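Since the structure comes first, as structure tokens, the remarks are kept for the end.
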Amino acid sequence: MATGIEGIVGHSLESKTNEISVIKLSFPEIADSDIFFVDTPGFDDTNKSDVHIFKMISEWLNNTYDYYSVL
């Protein structure tokens, strides 16, 4: 709701989020005010193990940190 973008929302016990996705909101009138919403598969996913999901999230965080630390 915060982004105004409609996505896939599950209303059953079956998992819907397969990959990590990011939505960036910027507020040009406020310096350095970008907000990033990160959607990840949840633990207890019906299609992936918790270990696989943890690896996905940790790799994404590591890559994102590496990218932004060189800017």
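The values are calculated or read from the model by the stated rules, or taken from the named source; none is laboratory data. Just so it is clear, the model here is predicted, and its values are computed rather than measured.
Looking at residue 68 and the list (1) within 15 Å of the chain's Cα centre (by Cα); (2) at pLDDT below 80; (3) in a helix (DSSP H, G or I), which single condition is not satisfied?
(1)
So that you can scan it fast, the table gives a plain yes or no per residue for (1) part of a helix (DSSP H, G or I); (2) at pLDDT 85 or above:
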| position | (1), (2) |
| --- | --- |
| 1 | no, no |
| 11 | no, no |
| 14 | no, no |
| 36 | no, yes |
| 54 | yes, yes |
| 59 | yes, yes |
